[in-house]
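Remarks on the structure that follows.
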Amino acid sequence: MATAIVAARFLPIWIATAALLVVASIIAPDALQSTSWAFVLPYMTILAVAALGQMLVVMQAGIDLSTPGVMFFGGTLIVGVGNGSNGRLAVAILACLALGAGVGLANGVLVGILRLNPLIVTLAVGQIVLAWGVKYSRGVVEGGNVPEALSSWAARKPIGVSVIFWTGAAITVVLALILRYTAAGRRFQVVGANPRAAWMAGIRVRAHVVVAYVAAGMLYATAAVLLAGVRISIDPAFGAEYLLAPIAAVVIAGASLAGGLASATSTWMAALALTLLTQMLRILGLSTAMQFVVFGAAILVGMLVSGDRVAALLGRVLRPAGGSSPPELAANGTGAR
């Protein structure tokens, strides 16, 4: 029964994406042309990488609103530290990743150690980081571009598909394997699913929360590197669209905001669905206002029929009298995919 409940949690987003492809082929076939995929694949990958970071935080019953700040400041570091020199690109990327880790550590300590509200903490930290990013960008980034080596790399298309896509796919697979097949990954899931039981078993619950935020910050920084390679230059709105979209991707992929199991591959699929939907709306010629209306409605519908709700319903139907609850079954029986 536990396997059926877990499968039900993550299956809806795959069905919804398949349905979206069918609808797109009927009402907006241009959205499935190669020129459209050349836009969709890189940007869905960037969203997916940011969403994977958010997924780790959500698995620990948290939430992170510092994503735009990390991505904006990280992008400015790529330009500022890189200074247009290919020889400084490695240092610039390391600076960006260090920023993400530092912001994640601050969030993790405030939330995991000091037990402050994650919504307020990450929003405040994100605004501070964004403000420092704006201050740093003045006179440093204006008129500058990322090192040519990064933009050239981002433009590559091994076997006809963007290298950004392959990079994101590799990150997704590695994270999925770590969560499912390593002892550390399984402990990470158990802590999120039942922190009290994990604490009684001697697992350092607060340390796992800190690790989740640090890893998330580094994934946001990675997304910033990928976005900088695609965009080439950094504008004031760089990274702004990644405030809520990663959270939406994680939730409609089947994760619960109460913590516990999540799926890296389903999160990746949710990022694809959201990006493809945006592209389809643009091709249909909808006004910006109507695009937001349809996009928001799609997210609401996705949350209403999310895998988390389906799994809870299925758990109530299949639960034997006196049996274990779905969360317990999930925590004891399966790992994240």
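All but one of (1) under 18 Å from the mean Cα position of the chain (by Cα); (2) free of Cβ contacts under 8 Å to residues at least 12 places away in the same chain hold for Gly217, so report the exception by its number.
So the condition that Gly217 fails would be (2).
Restrict the check to the range 261-282 and report whether at least one residue is touching a residue at least 60 places away in the same chain (Cβ under 8 Å) and open to solvent by 60 Å² or more (accessible area, probe 1.4 Å).
no
Name the one entry in Arg206, Arg196, Arg156 that is part of a loop (DSSP other than H, G, I, E, B) and over 21 Å from Ala264 (Cβ atoms).
Arg156
Open to solvent by 80 Å² or more (accessible area, probe 1.4 Å), in contact with a Gly (Cβ under 7 Å, 6 or more places away or on another chain) and on the phi < 0 side of the Ramachandran plot: is that true of Arg196 in this structure?
no
Starting from the range 290-304, keep only residues that are at pLDDT 80 or above, then list their pairs with residues that are open to solvent by 50 Å² or more (accessible area, probe 1.4 Å) whose Cβ atoms are within a distance under 9 Å, requiring at least 6 positions of separation or different chains.
Val293/Leu286; Val294/Leu286
The values are calculated or read from the model by the stated rules, or taken from the named source; none is laboratory data. No experiment lies behind these values; they were computed from the predicted model shown. Neighbour counts run over all protein chains shown; Cβ positions are idealised from the backbone, glycine included. Heavy atoms of the whole protein, side chains included, go into the accessibility calculation; ligands, DNA and RNA do not. Shrake-Rupley method; radii C 1.70, N 1.55, O 1.52, S 1.80 Å.
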